[in-house]
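No value in this document is a laboratory result; all are computed from the given coordinates. The shown structure was predicted, so the numbers you read here are calculated from the model rather than taken from an experiment. Neighbour counts run over all protein chains shown; Cβ positions are idealised from the backbone, glycine included.
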Amino acid sequence: MNRIFLFLFSYGLCVITMSHLVLFLNYRALGHSWESVFRYIVSTLDFKIMVVALAVLLLTVSGRAPLRLPSGKE
């Protein structure tokens, strides 16, 4: 049950932070170069949160779950 909540929480963080990072691409329309825009995106807290949330998401999906036997059989 905890893995489900961890998955949903990290997925929500990924969605929110990625949408913020896409909004930062509007700086390109203001005349900034691609290099300065990407350098700014990498330096923001949103990018760091997205990387951590993606790592947690990857661990919850690929991590092994404990093996449980059916309750009637041992």
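Here are a few things to note about the model shown:
- Selection from the stretch 1-43 of residues that are more than 16 Å from LEU58 (Cβ to Cβ), part of a helix (DSSP H, G or I) and of a type in the set (A, V, I, L, M, F, W, C): PHE5, ILE16, LEU21, VAL22, LEU23, PHE24, LEU25, TRP34, VAL37, PHE38, ILE41, VAL42
- Flag if LEU8 is exposed (fewer than 14 other Cβ atoms within 10 Å of the Cβ) and within 11 Å of the chain's Cα centre (by Cα): yes
- Every pair of residues 6+ apart whose Cβ atoms lie under 8 Å, when the first sits in the stretch 5-26 and is free of Cβ contacts under 8 Å to residues at least 12 places away in the same chain while the second is of a type in the set (Gly, Ala, Ser) and not in a helix (DSSP H, G or I): none
- Test: residue in the stretch 55-68 that is of a type in the set (A, V, I, L, M, F, W, C) and surrounded by 14 or more Cβ atoms within 10 Å (Cβ to Cβ): yes
- Count of residues meeting criterion [in contact with a helix residue (DSSP H, G or I) (Cβ under 6 Å, 6 or more places away or on another chain) and over 29 Å from ILE4 (Cβ atoms)] in the stretch 18-59: 5
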